[in-house]
Amino acid sequence: MSNIYFWEDYIKEVPLYNNLIENYSKIKEEVINYLKTSNSLFDYPKYIVFDKQLYDNYWKACPLSKFEGEFISDNASDLEKIYINKIIKNAKQHCPTINSIISGLEIESYLKNAFISRLIPGSVINPHHGWTDDFLRIHLGLICDPECKITVGDETKTWEEGKILAFKDG
């Protein structure tokens, strides 16, 4: 199974998968309402990968979990961690359906990162590898552009509203 890049066909019996699909409409409504609040999204960090920035143009996100190895790095100051934790708490309050789905997984350390992410047309996430192959990355499409594509390994797919893309990129 080492050449399997996309996993959504293999996780259809996993409770997280089914909870996200079953609650798609509520999740979408909560996220859209949250995005109407000021300062709901922040620039995603522009890491350098293969001598290029991780992305070009626009990638905004907001953490919904502790974000291990992403927004909060080992080098973050205590003040930065307090600020980020306030952002997470605010996002969870505005998105109670997502929070109810992920909170138990986060407490048990089965979930390391969850966030709301937005790219605008013309944005590009440059080729890169995830920092570990231990993570299964799960995306629930809320508002999708059929022209937007993701390539993992040698497979390319697009997001669809109300559907899951699950992949390993490490």
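Residues of the range 143-159 being open to solvent by 30 Å² or more (accessible area, probe 1.4 Å) and either assigned to a strand (DSSP E or B) or closer than 14 Å to Phe6 by Cα (or both), which ones? Outline the logic, then answer.
Going residue by residue through the range 143-159, those that are open to solvent by 30 Å² or more (accessible area, probe 1.4 Å) are 143-149, 151, 153-159.
Those that are open to solvent by 30 Å² or more (accessible area, probe 1.4 Å) and either assigned to a strand (DSSP E or B) or closer than 14 Å to Phe6 by Cα (or both): Lys149, Thr151, Gly153, Asp154, Glu155, Thr156, Lys157, Thr158, Trp159.
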Q: Would you please list the contacts, defined by Cβ atoms under 7 Å and residues six or more apart or on different chains, that run from a residue in the range 56-78 that is within 21 Å of Glu30 (Cβ to Cβ) to a residue that is modelled with pLDDT under 75 and in a loop (DSSP other than H, G, I, E, B)?
A: Pro63/Phe71
Q: Please name all residue pairs, on different chains or six or more residues apart, with Cβ atoms under 7 Å, provided the first residue is in the range 101-114 and is among the charged types (D, E, K, R) and the second residue is open to solvent by 50 Å² or more (accessible area, probe 1.4 Å).
A: Glu106/Lys66; Lys112/Glu68
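Step by step: first the residues of the range 116-142, then only those that are within 21 Å of Lys28 (Cα to Cα) and in a loop (DSSP other than H, G, I, E, B), then the one that is least open to solvent (accessible area, probe 1.4 Å). Which residue is that?
At the first step, the residues of the range 116-142 found to be within 21 Å of Lys28 (Cα to Cα) are 116-121, 137-142.
Restricting the remaining residues to those that are in a loop (DSSP other than H, G, I, E, B) gives 120-121, 141-142.
Working: Ile120: 54, Pro121: 108, Gly141: 4, Leu142: 35 Å².
Among those that are within 21 Å of Lys28 (Cα to Cα) and in a loop (DSSP other than H, G, I, E, B), it is Gly141.
With part of a helix (DSSP H, G or I) and open to solvent by 40 Å² or more (accessible area, probe 1.4 Å) as the only criterion, which of Asn39, Asn18, Asn3 stands out? Step through it out loud before you land on a result.
Details: Asn39 fails: part of a helix (DSSP H, G or I); Asn3 fails: part of a helix (DSSP H, G or I).
From the options Asn39, Asn18, Asn3, the qualifying one is Asn18.
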Q) Counting only residues that are modelled with pLDDT of 80 or more and under 16 Å from Ile88 (Cβ atoms), which one in the range 47-74 is most open to solvent (accessible area, probe 1.4 Å)? A) Lys60
Q: Say whether the condition of being at pLDDT below 75 and either in a loop (DSSP other than H, G, I, E, B) or in contact with a Leu (Cβ under 8 Å, 6 or more places away or on another chain) (or both) is met by at least one residue in the range 90-104.
A: no
Q) Does the range 42-57 hold any residues that are assigned to a loop (DSSP other than H, G, I, E, B) and among the acidic types (Asp, Glu), and which are they? A) Asp51
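Of Ile84, Ile98, Ile120, which residue is among the β-branched types (Val, Ile, Thr), out of contact with any helix residue (DSSP H, G or I) (no Cβ under 9 Å at 6 or more places or on another chain), touching a residue at least 24 places away in the same chain (Cβ under 8 Å) and closer than 21 Å to Ser40 by Cα?
Values: Ile84 fails: touching a residue at least 24 places away in the same chain (Cβ under 8 Å); Ile98 fails: out of contact with any helix residue (DSSP H, G or I) (no Cβ under 9 Å at 6 or more places or on another chain).
Only one candidate passes the filter, namely Ile120.
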Q: Name every residue in the range 23-36 that is touching a residue at least 12 places away in the same chain (Cβ under 8 Å), of a type outside the set (Ser, Thr, Tyr) and surrounded by 13 or more Cβ atoms within 10 Å (Cβ to Cβ), in order of residue number.
A: Asn23, Lys26, Ile27, Lys28, Glu30, Val31, Leu35
Q.
With the requirement that a residue be within 16 Å of Asp154 (Cα to Cα) and without any contact (Cβ under 8 Å) to a residue 60 or more places away in the chain, what does the range 1-22 give you?
A. Met1, Ser2
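Looking for whichever is under 13 Å from the mean Cα position of the chain (by Cα) and either open to solvent by less than 60 Å² (accessible area, probe 1.4 Å) or not polar (S, T, N, Q) (or both) here; the options are Leu105, Leu111. Which one fits? Lay out the reasoning, then the answer.
Details: Leu105 fails: under 13 Å from the mean Cα position of the chain (by Cα).
Criteria check complete, one pass: Leu111.
The values are calculated or read from the model by the stated rules, or taken from the named source; none is laboratory data. Everything numeric in this text was worked out from a predicted model, so none of it was measured. Counting neighbours? That spans all protein chains shown, and the Cβs are built from the backbone with ideal geometry, glycine included. Ligands, DNA and RNA are stripped out before the accessible areas are found, and what is left, the full protein with its side chains, is counted by its heavy atoms. Shrake-Rupley method; radii C 1.70, N 1.55, O 1.52, S 1.80 Å.
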